[in-house]
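The values are calculated or read from the model by the stated rules, or taken from the named source; none is laboratory data. What you see is a predicted model; the values in this text were computed from it and never measured. All Cβ positions, even for glycine, are placed from backbone atoms using ideal geometry, and neighbour counts span all protein chains on display. Heavy atoms of the whole protein, side chains included, go into the accessibility calculation; ligands, DNA and RNA do not. Shrake-Rupley method; radii C 1.70, N 1.55, O 1.52, S 1.80 Å.
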Amino acid sequence: MDVKIESSWKAVLQQEFDTEYFANLTEFVRNEYRTKKIFPPASLIFNAFDQCPFDKVKVVIIGQDPYHGDGQAHGLCFSVNDGIDFPPSLLNIFKEIDRDLAKPMPKSGNLIRWAQQGVLLLNATLTVQAHAAGSHQGKGWETFTDAVIHKLASEREHLVFLLWGSYAQKKGEFIDSKKHLILKSVHPSPLSAYRGFIGNNHFSLANKYLREKGIDEINW
């Protein structure tokens with residue numbers, strides 16, 4: 001199947017694109033876009049990959065679903081378009097960066113600046129129906145994004161995986177901690193952020209590891 005995605009990812013993931021499950025997923029997603037309001041815009045489904053080629057990945061952050069409110073989702077987990085109010089989890093991410101690295105709150109919640117430095121902002125499910133959280137779960141996206149994580153974990157080394165919350169931790173449970181840095185904490189959502197996300201120092205720890213491996217750190 002011919003999928004419009006950045007060329008290095010296309011090469012790495014072609015065997016996924018040629019599977020029956022991906023053909024079924026594609027048919028489902030196309031029909032959803034034809035008949036319903038779906039986020040992100042279709043051209044941005046693979047934005048996380050397009051902004052961060054396979055061989056440029058340094059850090060992987062795993063989210064669950066795209067935002068399902070108008071104008072928010074643009075294909076990068078936790079990120080929103082310029083001019084959109086910060087969702088609560090993103091606000092807590094910025095609070096921890098300020099606490100950890102003394103970097104004040106940015107004006108925009110658009111994390112494309114991270115992606116272009118090598119942060120893969122990967123949602124487990126890449127599409128969602130407007131105002132219907134979880135509506136595209138169980139359709140095949142999770143199989144695809146598991147394959148993405150497997151490829152990174154097996155074919156790259158010295159990556160940092162930020163696994164926030166039980167969902168992300170389960171999705172990354174097979175990653176080899178001798179080959180990569182795995183940082184775990186509760187999710188940054190308001191329900192859990194003050195039970196261990198605020199104070200986890202993940203942003204400084206990620207940069208320390210990258211520095212030690214001779215890799216340019218991320219300007220969070």
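Worth a mention:
- Its DSSP H runs of at least 4 residues, each contributing -39,500 (n - 2.57), put the calculated 222 nm mean residue ellipticity of the chain at -11000 deg cm²/dmol, to the nearest 500.
- In order along the stretch 206-220, the Karplus-derived 3J(HN,Hα) couplings, from 6.51 cos²θ - 1.76 cosθ + 1.60 at θ = phi - 60°, round to 4, 5, 4, 4, 4, 4, 4, 8, x, 10, 4, 6, 8, 7, 5 Hz, and Gly and Pro are given as x.
- Projecting the Cα atoms of S43, F94, F28 onto the charge dipole of the chain (Cβ charges, centred on the Cα centre) puts F94 farthest toward the positive pole.
- For a straight C-alpha distance cut-off of 13 angstrom, the aspartates and glutamates reachable from K170 (same-chain residues fewer than eight places away being disregarded) are E142, D146.
- Across K179/K213; K151/K208; K10/K151; K151/K171; K139/K184, pairs whose alpha-carbon gap is larger than 19 Å: K151/K208; K139/K184
- Protection proxy ranking, peptides 2-11, 110-119, average beta carbon neighbours within 10 Å, highest first: 110-119, 2-11
- Cβ crowding within 10 Å averaged over residues, with 49-56, 138-145 ranked highest first: 49-56, 138-145
- In the assembled protein chains, I198 presents an accessible area of approximately 40 Å² (probe radius 1.4 Å).
- A Cβ-based charge dipole, computed about the Cα centre of the chain with Lys and Arg at +1 and Asp and Glu at -1, lands at about 480 debye.
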